[in-house]
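The values are calculated or read from the model by the stated rules, or taken from the named source; none is laboratory data. Quantities reported herein were computed from a predicted structural model and do not represent experimental measurements. Counting neighbours? That spans all protein chains shown, and the Cβs are built from the backbone with ideal geometry, glycine included.
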Amino acid sequence: MEITGTTMLKPAYPTPHPLAGDRVPLTIFDRAAIDTYVPIVLAYPAPAPSNEALKEGLLKGVAPYPHMAGRLAVDHRGRRFIHLNNEGVLVIEAAATTAVLADVLAAGGMTTDVADFYPTVPEESVGEALLQIKLSRYRCGGLVIGVMVHHHIVDGHSASMFCSTWARAVREGNGFRAPSPALDRAATAAPRGMPKPAFDHRFIEFKGSQGSSSGGEDKSYEVLPMDKIKNLTVHFPAEFVAELKARVGARCSTFQCLLAHVWKKMTAARGLKPEEFTQVRVAVNCRGRARPAVPMDFFGNMVLWAFPRLQARDVLRLSYRGVVAAIRDAAARIDDEYIQSYVDFGGLADANREDLLATAAMGTMLCPDIEVDSWLGFSLHDLDFGTGPASAFLPPGLPVEGLMVFVPSRASKGSVDLFIAVAEDHVAAFQNVCHSLDLDPLPARM
């Protein structure tokens, strides 16, 4: 792949943006997000939109989201903030003179060579473009769009908002009308006059003083050599998902039933001891759960995590309905009281000038736990730049054992692809059971 151009695009506002030049402190929600860039990689068969059309639409699409064109900076206390200086977004153009997109998609699998599909992740994010895009054009006319945005700027909901806006700007051209998203980050993280955190957030959302974290458990995860973490892609056809829902026997989402299924199969593949506890770190959108509710078009981070937790014997023994119930119950605990407690904790941490560290570094082995992210609400049809919707998500490399992502599959409507990082020693066992709908047989010791 040959680089053919590098451009820093800066939105041109007819009048200064109301937030122009602002220095926006990171909220307690921003600080819980891991300090890294999050990639989104999309494939478009020929005829794909031209690079010029994509760049012109990008200028329009990024204008409502000035944080995207800003930079992370550090104040006199050594604390990060977002400087809305309109330094621009980075666009890299590349061309493959011999490869065709169909071969790339047919190869399947996952890659940890991020330079192939999106810009190389900077070693230090301060001062770097927060939104970086790579347009890779293939000989056949197909296109791969690699988008990466820093996690301190957006959560998954906001990232999907931006991508949909960009696609619409390209598709509608001069008829595009920019949205007016909610941008007041401070409003989402205002502590009470007398802050009263009721939960131990230092050990739930952050690493505690011993470097531990996760759902209130004082534990430290092992570190696994990166070459021992294998990235797998598992396809679940629509018929498989429908059968899972039928087995739950009650109304449930595709995400809930698939998470229950994979939790069971990972527990079995890992051979956990019956009495060992295993939990799932599940992202929960807090916009509609806060009081007062935050608008769904709020652009930024507003995610916390639920931690459904069971003994291994119960993950295997319970029906699908029982495991789904455990997942739902944990998510229900992220309510307005919990969110306000978290915001109050953030207010006290700021007042005490406390450093807080997000969890899960590269090479972490989450076993016996897992962590899940979902892009199932991110419709490929929302990503139509005018020549048809994206034909595929291409999976990024997952550097944390036990981390998994659900995405809508290009294979057929209602089908789902799972990208999951599995320890080398557990790959064969997981592949052997991941499509089994039978409840796992209980080992004799149970």
Under 6 Å by Cβ, and 6 or more places apart or on different chains, what pairs join a residue from segment 173-185 that is among the aromatic types (Phe, Trp, Tyr) with one that is at pLDDT 95 or above?
Phe176/Lys60; Phe176/Ala169
Name every residue in segment 154-172 that is touching a residue at least 60 places away in the same chain (Cβ under 8 Å) and either assigned to a loop (DSSP other than H, G, I, E, B) or of a type in the set (Asp, Glu) (or both), in order of residue number.
Val154, Asp155
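Of everything in segment 325-341, what is assigned to a loop (DSSP other than H, G, I, E, B) and either closer than 10 Å to Arg289 by Cβ or not charged (D, E, K, R) (or both)? Give them in sequence order.
Let us first name the residues in segment 325-341 that are assigned to a loop (DSSP other than H, G, I, E, B), namely 333-335.
Those that are assigned to a loop (DSSP other than H, G, I, E, B) and either closer than 10 Å to Arg289 by Cβ or not charged (D, E, K, R) (or both): Ile334, Asp335.
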Please go through segment 255-289 and pick out each residue that is surrounded by fewer than 20 Cβ atoms within 10 Å (Cβ to Cβ) and in a helix (DSSP H, G or I).
Phe255
So Leu272 clears everything in (1) within 26 Å of the chain's Cα centre (by Cα); (2) of a type in the set (A, V, I, L, M); (3) modelled with pLDDT of 95 or more except one condition, right? Which one?
(1)
Any idea which of Arg270, Arg291 is under 30 Å from His67 (Cα atoms) and not assigned by TED's automatic domain parsing to the domain that holds Pro64?
Arg291
For segment 398-418, enumerate the residues that are under 16 Å from Ala269 (Cα atoms) and either in contact with a Pro (Cβ under 9 Å, 6 or more places away or on another chain) or of a type in the set (Val, Ile, Thr) (or both).
Gly402
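Quick one: count up the residues across segment 260-276 that are over 15 Å from Val323 (Cβ atoms) and in contact with a Cys (Cβ under 7 Å, 6 or more places away or on another chain).
Residues flagged as over 15 Å from Val323 (Cβ atoms) and in contact with a Cys (Cβ under 7 Å, 6 or more places away or on another chain) within segment 260-276 amount to 1.
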I'd like the residue in segment 106-140 that is of a type in the set (A, V, I, L, M, F, W, C) and farther than 27 Å from Asp155 by Cα and, out of all such residues, is modelled with the highest pLDDT.
Cys140
Of (1) among the small types (Gly, Ala, Ser); (2) closer than 30 Å to Thr97 by Cα; (3) touching an Asp or Glu at 6+ places or on another chain (Cβ under 8 Å), Gly173 satisfies all except one. Which?
(3)
For segment 70-91: of the residues being touching a helix residue (DSSP H, G or I) at 6+ places or on another chain (Cβ under 6 Å) and closer than 26 Å to Leu356 by Cα, which is surrounded by the fewest Cβ atoms within 10 Å (Cβ to Cβ)?
Leu84
Qualifying position, being aliphatic (A, V, I, L, M), at pLDDT below 90 and surrounded by 20 or more Cβ atoms within 10 Å (Cβ to Cβ), among Ala390, Ala351, Ala361:
Ala390
Looking only at residues that are over 13 Å from Ala349 (Cα atoms) and loosely packed, with under 14 Cβ neighbours inside 10 Å in segment 191-207, which one is nearest to the chain's Cα centre (by Cα)?
Ala198
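Looking only at segment 49-85, count every residue that is free of Cβ contacts under 8 Å to residues at least 12 places away in the same chain and part of a loop (DSSP other than H, G, I, E, B) and tell me the total.
Initial filter on segment 49-85 (free of Cβ contacts under 8 Å to residues at least 12 places away in the same chain): 50, 52, 76, 78.
Right, trim to part of a loop (DSSP other than H, G, I, E, B) and you get 50, 76, 78.
The qualifying residues number 3.
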Taking segment 28-80 and the residues there that are among the polar types (S, T, N, Q) and at pLDDT 95 or above, the one that is farthest from Cys140 (Cα to Cα) would be Asn51
Considering only segment 290-315, state which residues are touching a helix residue (DSSP H, G or I) at 6+ places or on another chain (Cβ under 6 Å), without any contact (Cβ under 8 Å) to a residue 60 or more places away in the chain and part of a loop (DSSP other than H, G, I, E, B).
Arg291, Pro308
Among the residues in segment 63-75, are any over 26 Å from the mean Cα position of the chain (by Cα) and not assigned by TED's automatic domain parsing to the domain that holds Gly388?
yes
Got at least one residue in segment 311-329 being buried (at least 20 other Cβ atoms within 10 Å of the Cβ), within 22 Å of the chain's Cα centre (by Cα) and over 16 Å from Thr267 (Cβ atoms)?
no
Evaluation of Val372 against (1) at pLDDT 95 or above; (2) buried (at least 19 other Cβ atoms within 10 Å of the Cβ) (one fails), failing number
(1)
